[in-house]
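The values are calculated or read from the model by the stated rules, or taken from the named source; none is laboratory data. Quantities reported herein were computed from a predicted structural model and do not represent experimental measurements. Here the Cβ is made from the backbone with ideal geometry for all residues, glycine too, and neighbour counts use every protein chain on show.
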Amino acid sequence: MPLTIAVSGKGGTGKTTICALIINYLLQKNLTPILAVDADPNATLADSLGVQVENTIGNILDDFLKQKEGLPFGVIKESMIEYKLFEILLEEKGFDLLVMGHGEGPGCYCYPNSVLRDCLDKLSSKYRYTVIDNQAGLEHISRRTNGDIDVLLLISDPTLKGIKTAGRLQNMINTLNLKIGKSFLIINRLPGDIPAEILEETKRQNLDLLEIIPEDEDIRTNDIKGTPLINLNNEASSFRKIKDLMEKLTGG
């Protein structure tokens, strides 16, 4: 059964790092094929996975809006978007990558976004896992631009502000009745022991804390050297925690 895991939270909490480490874990466990989707306009997932991006979904939608009135009679617009989507799909060993790219410009994107959602739903059904790196907030999720989600990981730094932001996102999910199977809190980049105030706020916000990931010098070193996180040392503390996280989600 295909599983879609999405990551969201406030900016600067390490969402892309978490996504890259999850993909790294799945690759090492041979839980492939994997579809990676970078839905953050500040697209950096490709760098973390060590691949080069040449085109984005944002460019496809822009081109569609410019060309749709001049398309020859008989050209099916849905087929055009679907064809372009597969054209920009980056195929790597064990995983493929799609990049959403920039936000929407002038013009109505309702129709192409609806077609895009249907295409992504069909595409993701062909993969064992889909991992989505969302922008801060719930824009793509609330508009269902990236389809249905089985597991949403709300990423927070170890601050009261971060936990409260995760709580607001959870409330939005409940209020909007979004199609999300389960949602969990991940506290990332914790230096030392977890403060009691953070745990108390987590309970106050009714967040389901799944895992705490420590501050990791190995990740800092990788970032300084520009080494993709796909090559992170398996003994790194963050990777071991991601392993624990994924075993909880997948039953080992």
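Just a few scattered comments:
- Residue within the stretch 196-211 that is touching a residue at least 12 places away in the same chain (Cβ under 8 Å), assigned to a loop (DSSP other than H, G, I, E, B) and over 18 Å from Ala6 (Cα atoms) present: yes
- Hey, Lys126 out of contact with any Cys (no Cβ under 7 Å at 6 or more places or on another chain), more than 28 Å from Glu211 (Cα to Cα), modelled with pLDDT of 90 or more and surrounded by fewer than 17 Cβ atoms within 10 Å (Cβ to Cβ) or not: yes
- Residue in the stretch 221-240 that is assigned to a loop (DSSP other than H, G, I, E, B), surrounded by fewer than 12 Cβ atoms within 10 Å (Cβ to Cβ) and touching a strand residue (DSSP E or B) at 6+ places or on another chain (Cβ under 9 Å) present: no
- Any hit, the stretch 212-232, residues being hydroxyl-bearing (Ser, Thr, Tyr) and under 19 Å from Ala166 (Cβ atoms): no
- Residues of the stretch 219-242 that turn out to be under 21 Å from the mean Cα position of the chain (by Cα) and polar (S, T, N, Q), as a count: 4
- Of residues in the stretch 41-54 being surrounded by fewer than 23 Cβ atoms within 10 Å (Cβ to Cβ) and within 13 Å of the chain's Cα centre (by Cα), the one modelled with the highest pLDDT: Ala46
- When every residue of the stretch 71-79 is checked against the conditions, none turns out to be part of a helix (DSSP H, G or I), among the charged types (D, E, K, R), at pLDDT below 95 and closer than 30 Å to Asn231 by Cα.
- Any hit, the stretch 168-190, residues being surrounded by 20 or more Cβ atoms within 10 Å (Cβ to Cβ) and part of a loop (DSSP other than H, G, I, E, B): no
- Any hit, the stretch 145-153, residues being farther than 18 Å from Ala6 by Cα, surrounded by fewer than 19 Cβ atoms within 10 Å (Cβ to Cβ) and out of contact with any Leu (no Cβ under 8 Å at 6 or more places or on another chain): no
- If only residues of the stretch 1-29 that are in contact with a Gly (Cβ under 8 Å, 6 or more places away or on another chain) and in a loop (DSSP other than H, G, I, E, B) are counted, the one that is surrounded by the most Cβ atoms within 10 Å (Cβ to Cβ) is Thr13.
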